[in-house]
Amino acid sequence: MHFNILTIFPEMFPGTLDKGVVGRALDKKIWSYNTINIRDFAINNYGSVDDEQFGGGAGMVMRPDVLGNAIDSVKKPGKIIFFSPRGKQLNQQLVHEFAKHDTITMICGRYEGIDQRILDVYDIEEISIGDYVLSGGELAAQVFIDTAVRLLDNVLGGGLETTQNESFEIGGLEWPLYTRPSVWRGQSVPEVLLSGHHGNIERWRKQQSDELTKKRRPDLIKEK
Ligand code: SAH
C-alpha cells in the first residue's frame, strides 16, 4: 500500500509511523509513502501557499492554484482524501474499506482549510478523525495510515486473529485483559481465565465485552 502525502510540513513524516508494528511494516516495504511539499508549488519566491478569505474573516485559506498543481504532480494518485473536521468520521469499518486501495493520496490542510473549488474539481473524499479541531491534517494522516496499515497482511504478529478480536471488530468493546503475575497488590486475575476451559473463557469474555459496550457505547449495539 502506498501513500502520497501533500503537506507544508514534510519533515513531520514518518513521525510516529517508523515505530512498532507499523514501523516494522515500513521496513519490510509492506507499505511506503512519499511526501509532496505543497510549498514547492508556491506562487512566489516567499513560498506563499495561502491567502486571505474572500468575504472577509480571520484566518487564511490554501490557494487552489498552488494546491491544484501539487495534486497534479502526483503521477498515480489513486483514492484522494482531504482531512477535515467536516468530513465523514473515520471508524474501523471505513478503515477496512480504505485498506483495500493500493494507493491513497492525502491532503493535509493547514490554516482555515483549503479553497472549496479543489473539493469541487477533484474527486476527493473528506475524512474527519473526530469531533475536535487539530491545527493541521498531518496528525490525522498518521492516525489514518496507522489504522489502515495494521490491517494489512503480515503486519500484526498474531495474524488475522489479532485484528479480529479487537474493539469495534467484535461488534463492541474489548473485554478486560490480564497477564502475569496472577496476583498483584492483592488483586487476583479472574478465576475463569486460569481454568484452561476455552468455552467458559470465551463466554466470560463475550459477557464482559457486552456489559462494557452496553455501559459505555450503547450506540455500537444499535448499529449491529
Ligand atoms: N476551519 C476549519 C478547521 C481548520 S483546522 C473548520 O472549522 O472546519 C486546519 C486543518 O487541520 C484542516 O484543514 C484539516 O486538514 C486538519 N484538521 C483539523 N481537525 C481535523 C479533524 N478533526 N480531522 C481531520 N483533519 C482535521
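Any residue that is surrounded by 10 or more Cβ atoms within 10 Å (Cβ to Cβ), at pLDDT 95 or above and either under 15 Å from the mean Cα position of the chain (by Cα) or polar (S, T, N, Q) (or both) - is there at least one of those in the range 160-183? Yes, some residue in the range 160-183 is surrounded by 10 or more Cβ atoms within 10 Å (Cβ to Cβ), at pLDDT 95 or above and either under 15 Å from the mean Cα position of the chain (by Cα) or polar (S, T, N, Q) (or both). For beta carbons closer than 6 Å, sequence separation of 6+ or different chains, a first residue in the range 54-75 that is in the same structural domain as residue 109 (by TED's automatic domain parsing) and a second that is open to solvent by 50 Å² or more (accessible area, probe 1.4 Å) and assigned to a helix (DSSP H, G or I), the qualifying pairs are 64/117; 66/41; 69/41; 70/41.
Considered as a group, the residues in the range 184-214 that are among the aliphatic types (A, V, I, L, M) and open to solvent by less than 60 Å² (accessible area, probe 1.4 Å) include one that is farthest from residue 164 (Cα to Cα), and that residue is 189. From the set of residues in the range 37-53 that are part of a loop (DSSP other than H, G, I, E, B), closer than 19 Å to residue 6 by Cα and in contact (Cβ under 8 Å) with a residue 24 or more places away in the chain, which is most open to solvent (accessible area, probe 1.4 Å)? Residue satisfying both the conditions and the ranking: 42.
If you filter the range 126-159 down to residues that are aliphatic (A, V, I, L, M) and part of a helix (DSSP H, G or I), you find that the one that is surrounded by the most Cβ atoms within 10 Å (Cβ to Cβ) is 141. When the range 89-125 is examined, which residues are found to be of a type in the set (D, E, K, R), within 16 Å of the ligand (Cβ to nearest atom) and part of a loop (DSSP other than H, G, I, E, B)? Within the range 89-125, 110, 112, 115 qualify.
When the range 126-156 is filtered for residues that are more than 11 Å from the ligand (Cβ to nearest atom) and charged (D, E, K, R), the ones remaining, listed by number, are 146, 150, 153. Apart from one condition, residue 82 fits all of (1) open to solvent by 40 Å² or more (accessible area, probe 1.4 Å); (2) within 13 Å of the ligand (Cβ to nearest atom); the exception is (1).
The values are calculated or read from the model by the stated rules, or taken from the named source; none is laboratory data. Because the structure is predicted, anything quoted here is derived from the model rather than measured. No Cβ is skipped: glycine too gets one built from the backbone with ideal geometry, and neighbour counts run over all protein chains shown. When the accessible area is computed, the model is the full protein with side chains, heavy atoms only, and any ligands, DNA or RNA have been set aside. Shrake-Rupley method; radii C 1.70, N 1.55, O 1.52, S 1.80 Å.
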